[in-house]
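Trainee: Sharing a structure below in structure tokens format, with a few things to ask.
The values are calculated or read from the model by the stated rules, or taken from the named source; none is laboratory data. The shown structure was predicted, so the numbers you read here are calculated from the model rather than taken from an experiment. Here the Cβ positions follow ideal geometry from the backbone for every residue, glycine too, while neighbour counts run over all protein chains shown.
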Amino acid sequence: QNPVFDTLVRPYGKAAIDEAAAIVADGWPVAVPTETVYGLAGDATSGQAIARIYAAKGRPSFNPLIVHVLSLDDAEKLAEFDSTALALAERFWPGPLTLVLPLRAGARIASLATAGLGTIALRSPVHPAMRGLLAATGRPLAAPSANASGLISPTRAEHVSASLGGSIKLIIDAGPTSLGLESTIVAISRGETRLLRPGPVTTEMLDIPLAPAGERGIEAPGQMSSHYAPSKQLRLDATERGEDEWLIGFGRVIGQSSLSPSGDLVEAASALFDRLHEAEAAPAQRIAVAPIPKEGLGIAINDRLARAAAPRGTC
Ligand code: TXA
Ligand code: MG
């Protein structure tokens, strides 16, 4: 179901960056080292590119991804920075600190990169390979760790080959990463700062008041408590439109909109959150979604739909 590639491994250098940038411009992800772990980087403005990251990783659910940028200037095009966020970015960027901030209205970003949330996770990395790729593509790059879903994060190109060889087009090899641990994630909202993932930037180094751990305190990586959830009732596996429903079609099921008229799962994944937001805004009181095959990327699509359909507070 997923395409099979003869995965190229290129030593880090200008030729490798140019080759990688061409692949990214074509909408495919590439593995590239950062100072923390190797990332699987794709164009964060392209839903198709993000869907292909998930397809390559075989991730069963869509979590929002960290979007990498060259500079604070570039980050400010995508998110709203308050004074706390500005101070942290100035102190720790470029480096292993990720900030979760309110998404800027009209920001040019694929909704699948943020999993449809109103926030975005941003980081400016220090590693020259990732910086080279950011400069060469001129795009924000979404990059989760470059490993198959459920496996440990890769700190060497060999780890990436072992996990994703055959599933991706290119790996840039710059040897072992210096930190070997994923970035610290801090969320800032309404003046409150929370640690979402401990990492190389410690709480001592942050040296700012953090909201007490608890229900909204530390969340394990990947264990997002915040999920996109429509306010309207959502019915799954619908083959026709019910009363007062907005039907989101797929393949042969025709609705008011469609995740993919041709039944393509990459296209469906990249359209998922946009179609849900559109259905939210429609006059119909309820939302229905056509059956999506439970295979490949369809597993992740069904996971998100099931969460969106669940009564509030159960996920
Ligand atoms: O070190 C790193 O951060 C590596 C390298 C490649 O840069 N990247 C990485 O990315 O670990 P990723 O996409 O696997 O991290 C995703 C995590 C999610 O599981 C979630 O915990 C958090 O980032 N996250 C992303 N967007 C979020 C959001 N809008 N709200 C809350 N948490 C978010
Ligand atoms: Mg990861």
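Trainee: What's the number of the only condition in (1) within 14 Å of ligand 2 (Cβ to nearest atom); (2) touching a helix residue (DSSP H, G or I) at 6+ places or on another chain (Cβ under 9 Å) that L196 fails to meet?
Mentor: (2)
Trainee: For the range 65-82, how many residues are under 14 Å from V186 (Cα atoms) and not aliphatic (A, V, I, L, M)?
Mentor: Number of matching residues: 2.
Trainee: Also: Would you be able to say whether some residue in the range 273-286 is outside the structural domain of R52 (by TED's automatic domain parsing), modelled with pLDDT under 90 and more than 17 Å from L234 (Cα to Cα)?
Mentor: So far as the range 273-286 goes, no, none of its residues is outside the structural domain of R52 (by TED's automatic domain parsing), modelled with pLDDT under 90 and more than 17 Å from L234 (Cα to Cα).
Trainee: When only residues in the range 143-174 that are within 15 Å of ligand 1 (Cβ to nearest atom) and free of Cβ contacts under 8 Å to residues at least 40 places away in the same chain count, which is farthest from V32 (Cα to Cα)?
Mentor: Here the residue is G150.
Trainee: Could you check the range 195-231 and list, in sequence order, the residues that are in a loop (DSSP other than H, G, I, E, B), at pLDDT 70 or above and aliphatic (A, V, I, L, M)?
Mentor: V201, I208, L210, A211, A229
Trainee: Moving on to the next point. Looking at the range 120-136, I want the residues that are under 15 Å from L97 (Cα atoms) and have a partner that is in a helix (DSSP H, G or I) with Cβ atoms under 6 Å, at least 6 apart or on another chain. Which pairs are those?
Mentor: Matching pairs, first to second residue: L122/A75.
Trainee: Moving on to the next point. Check P60, P29, P11 and return the single one that is surrounded by fewer than 23 Cβ atoms within 10 Å (Cβ to Cβ) and at pLDDT 95 or above.
Mentor: Among P60, P29, P11, only P11 is surrounded by fewer than 23 Cβ atoms within 10 Å (Cβ to Cβ) and at pLDDT 95 or above.
Trainee: A further question on this structure: Restricting to the range 252-262, and then to whatever is surrounded by 18 or more Cβ atoms within 10 Å (Cβ to Cβ) and among the small types (G, A, S), can you tell me which residue is nearest to Q233 (Cα to Cα)?
Mentor: Per the criteria, the residue is G255.
Trainee: OK, next. So in the range 119-157, with the set limited to residues that are within 20 Å of K169 (Cβ to Cβ) and of a type in the set (S, T, N, Q), which one is surrounded by the fewest Cβ atoms within 10 Å (Cβ to Cβ)?
Mentor: S149
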